[in-house]
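A.B. asks: What follows is a structure written as structure tokens; I'll ask about it next.
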Amino acid sequence: MDWHDAADLALALRRLMASHDLVVIRAAAIDDAQLTDIGRQLGSGCSEVKRFVVEGPTGSIGQSRWHHVGNLVDGKPCDLTLMSVREFPSQDGEFELVSNRRSWRALEPAVQERLRGLNVEHDFTSVRHTTARADDPSRKGMLQLVWDAADPHVVLGFHAAQVIGMTTASSKALLEALMTAATLPQHVYRHAWQAGDLIAWRNLPLMHRSRGFNVPGRRVIHEVQVRDIAPGA
């Protein structure tokens, strides 16, 4: 990608994200001011920079379960996440994303029809990215199970607590079956981090998780979320 400043990079990301849910740029090496500037050019409601620093092995600790970024505003999670890698060891600690659009397309039409119109209660309390206070009501809310009429996808994650109108047992069985189908290997992208990486992804069409980190080293990742992505991106 040929870019010279944050404005060029934001323009390129807008063009790419008009047809992609995930964009990975190697060796971007942007600073916090550029990260925020790019976020503001991609849409409205860009968050402050969040800084994640991890020293040494973590094992399976961390956001190792499939999830979306929470913190609801007017009943809706943010549209976009921008993640900039500042420091990262050369091995271990991969990042995975799964396409809920691809998994939706693999479902039988009868199953798709059954899912339309269902609503799910979500509890984002234990999602690390959520910046609201533990007692903030924006951490919990009801979301449609199926989003985007033009190119549908489901919204799942470990925080999906209960399908409205179903018994607890039926809800659990449905959500577990959908998660199993969604996270088949053919729907998953695994990313091996390098210092300087910039990753942009649409929050609802993609679930994500971090892998275990079992080697010595230091990870430094800075991140912003964009509440409402601009039309055309």
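The values are calculated or read from the model by the stated rules, or taken from the named source; none is laboratory data. This is a predicted model, so every value here is computed, not measured. FYI the Cβ positions are ideal-geometry reconstructions off the backbone, even for glycines, and counts take in every protein chain you see. Note: areas computed on protein heavy atoms with side chains; ligands, DNA, RNA excluded. Shrake-Rupley method; radii C 1.70, N 1.55, O 1.52, S 1.80 Å.
A.B. asks: Please compute, for the alpha-carbon atoms of the chain, the extent along each of the three principal axes and give them in descending order in Å.
C.D. replies: If we take the Cα atoms of the chain, the spans are 51, 41, 38 Å.
A.B. asks: Here's something else I'd like to know. In terms of Cα to Cα distance under 30 Å, which lysines are near enough to Lys50, apart from those fewer than 8 places away along the same chain?
C.D. replies: Lys76, Lys140
A.B. asks: Another one. Size of the stretch 137-217 along its principal axes in angstrom, Cα-based, largest extent first?
C.D. replies: 47, 33, 32 Å, listed from the longest principal axis down.
A.B. asks: Continuing with the same structure: Mean residue ellipticity at 222 nm from the helices of the chain, using -39,500 (n - 2.57) per DSSP H segment of n ≥ 4 over the full residue count, to the nearest 500 deg cm²/dmol?
C.D. replies: Per the formula, -6500 deg cm²/dmol.
A.B. asks: Probe radius 1.4 Å, ligands and nucleic acids ignored: give me the carbon and sulfur share of the accessible area of the chain as a rounded percent.
C.D. replies: Percent of accessible area from carbon and sulfur atoms in the chain: 51.
A.B. asks: Treating the angle as unsigned and between 0 and 90°, give the value, to the nearest 10°, between the Cα long axis of helix 32-42 and the longest Cα principal axis of the chain.
C.D. replies: That helix lies at roughly 50 degrees to the long axis.
A.B. asks: Now, a different point. Which Cα, out of Ala106, Leu80, Ala27, lies furthest along the positive dipole direction of the chain (beta carbon charges, K/R +1, D/E -1)?
C.D. replies: Selected residue: Ala106.
A.B. asks: On a 1.4 Å probe surface of the protein chains, which of Val163, Val188 comes out largest in accessible area, and what is the full order?
C.D. replies: Per-residue accessible area, sorted high to low, gives Val188, Val163.
A.B. asks: Moving to a separate point now. List, largest first, the extents of the alpha carbons of the stretch 95-233 along their principal axes, each in whole Å.
C.D. replies: Principal-axis extents of the stretch 95-233 (Cα, largest first): 47, 37, 37 Å.
A.B. asks: Relative to the longest principal axis of the C-alpha atoms of the chain, give the angle of the C-alpha long axis of helix 6-17, reported between 0 and 90° and rounded to the nearest 10°.
C.D. replies: Tilt of helix 6-17: around 30 degrees.
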